[in-house]
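Notes for the one structure printed next.
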Amino acid sequence: MGFRHKDIIALKDLTKEEIELLLNTADSLDEINRRDIKKVPTLRGRTVVNLFYEASTRTRTSFEIAAKRLSCDTVNITASTSSVTKGETLSDTANNILAMKPDIIVMRHSISGAHEYLAKRVSCSVINAGDGAHEHPSQGLLDMLTMRQKYGRIEGLKVAIVGDITHSRVARSNIYGLTTMGAQVFLAGPPTMMPVGIERLGNVTVCKDMREAVDRADVVMMLRIQLERQGKTLLPSMREYARYFGLNPEVLKLAKPGAIVMHPGPINRGVEMSSYVADCDQSYILKQVSNGVAIRMAMLYHVCGGEPAEG
Ligand code: CP
């Protein structure tokens with residue numbers, strides 16, 4: 001089966017077979033990341049523009065590394081040091097970049113739906129590196145890759161997602177991806193950070209507290225509090241949040257023995273989880289980051305049609 005999409009905007013748009021194809025491709029491309037010389041000519045001659053309107057460490061860096069390992073030429077544009085600061089619109093910025101003939105624009109933007117708007121107007125591929133509180137498909141894919149590597153499957157896993165569900169594009173992409181792949185998703189978070197009707201997204205259960213979500217879970221995924229997206233204070237205090245929704249060794253014991261702990265980063269240590277949990281043997285947080293390179297290689301490869309370079 002081939003990949004039929006020009007763009008990757010949301011995991012909501014992908015079928016189970018398409019997600020499996022991306023995960024399988026990432027698993028096989030990951031072999032390149034373990035070589036001494038980590039470069040293949042597969043996408044030689046392609047140009048990737050990383051256009052980031054929001055801060056990023058993991059996503060931007062790993063898209064750049066992924067592109068370079070496949071021999072793409074890469075250019076990074078950060079809004080804060082570009083003509084966006086002079087008032088240039090997204091449309092004008094995109095048209096000016098397009099005039100330089102890129103093959104793929106990887107974009108992060110604070111507005112939900114910005115990528116859909118852009119993808120409809122440009123001929124090159126658009127990959128969503130995070131749009132507002134909507135989706136973060138590469139994060140959802142690398143999270144599923146990490147779970148599949150640990151358990152050999154995604155179907156039937158109990159995945160607890162805890163924290164600021166309302167403002168989390170990571171939660172939304174994981175909910176769509178995991179339920180498409182047959183996992184059971186249990187959500188917990190402060191009522192002020194739990195969207196009404198979220199259960200309607202699929203096989204999703206909203207729990208009354210964190211312990212219920214973590215109980216017998218295979219995966220405990222903690223989310224970052226998105227203070228930058230919260231228009232008003234939604235919490236009495238960080239201390240209170242850590243007490244009721246922070247992961248500590250005692251709560252982690254409720255999960256299945258050997259359950260894995262995940263977090264998309266950056267972690268607020270002592271808030272979303274204790275440092276002990278973040279650094280314990282059950283923590284797969286750095287494994288997630290490593291998998292981010294492989295999954296982004298697979299995304300770049302498939303939006304380019306999956307064709308090997310000639311010559
Ligand atoms: N997980 C994630 O999106 O991290 P960055 O914001 O550092 O890219």
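Points to keep in mind about this one:
- Within segment 162-214, tally of residues that are assigned to a loop (DSSP other than H, G, I, E, B) and in contact with a helix residue (DSSP H, G or I) (Cβ under 7 Å, 6 or more places away or on another chain): 11
- Any hit, segment 82-98, residues being within 18 Å of V122 (Cα to Cα), in the same structural domain as A119 (by the TED database), crowded, with 17+ Cβ neighbours inside 10 Å and within 16 Å of the ligand (Cβ to nearest atom): no
- Residues in segment 155-186 that are surrounded by fewer than 19 Cβ atoms within 10 Å (Cβ to Cβ) and either of a type outside the set (D, E, K, R) or free of Cβ contacts under 8 Å to residues at least 12 places away in the same chain (or both): G156, T179, G182, Q184.
- Checking each residue of segment 187-200 against the condition of being within 14 Å of the ligand (Cβ to nearest atom), touching a residue at least 24 places away in the same chain (Cβ under 8 Å) and of a type outside the set (F, W, Y) gives no match.
- Single unsatisfied condition, A217 versus (1) at pLDDT 95 or above; (2) under 27 Å from A129 (Cα atoms); (3) in a loop (DSSP other than H, G, I, E, B): (2)
- Residues (within 23 Å of the chain's Cα centre (by Cα) and part of a helix (DSSP H, G or I)) located in segment 74-93: A79, S80, L90
- Residue check, D73 among the acidic types (D, E), within 27 Å of T42 (Cα to Cα) and surrounded by fewer than 18 Cβ atoms within 10 Å (Cβ to Cβ): yes
- Qualifying residue in segment 62-71 (condition: of a type outside the set (A, V, I, L, M) and touching a Phe, Trp or Tyr at 6+ places or on another chain (Cβ under 7 Å)): no
- Criterion violated by N248 - all others in (1) among the polar types (S, T, N, Q); (2) over 22 Å from L157 (Cα atoms); (3) surrounded by fewer than 16 Cβ atoms within 10 Å (Cβ to Cβ); (4) at pLDDT 95 or above satisfied: (2)
- Picking from residues in segment 8-22 that are without any contact (Cβ under 8 Å) to a residue 60 or more places away in the chain and closer than 16 Å to I127 by Cα, the one that is surrounded by the fewest Cβ atoms within 10 Å (Cβ to Cβ) is D13.
- Among the residues of segment 23-61, the one identified as without any contact (Cβ under 8 Å) to a residue 24 or more places away in the chain, hydroxyl-bearing (S, T, Y) and either part of a strand (DSSP E or B) or within 16 Å of the ligand (Cβ to nearest atom) (or both) is T61.
- The C-beta contact set for segment 114-138 (first residue touching a residue at least 40 places away in the same chain (Cβ under 8 Å), second residue assigned to a strand (DSSP E or B) and more than 16 Å from the ligand (Cβ to nearest atom), distance under 7 angstrom, 6+ apart or interchain) comprises H115/V126; A119/V126; S125/I104; V126/I105; I127/I104.
- S283 vs. criteria within 24 Å of L187 (Cβ to Cβ) and hydroxyl-bearing (S, T, Y): yes
- Residues of segment 257-289 that turn out to be touching a residue at least 40 places away in the same chain (Cβ under 8 Å), assigned to a strand (DSSP E or B) and farther than 18 Å from T146 by Cα, as a count: 1
- When S71 is tested against (1) over 23 Å from Q288 (Cβ atoms); (2) outside any helix (DSSP H, G or I); (3) within 16 Å of the ligand (Cβ to nearest atom), only condition (3) is not met.
The values are calculated or read from the model by the stated rules, or taken from the named source; none is laboratory data. Not measured: the values here are computed from a predicted model. Note that we place each Cβ from the backbone using ideal geometry, even for glycine, and neighbour counts take in every protein chain shown.
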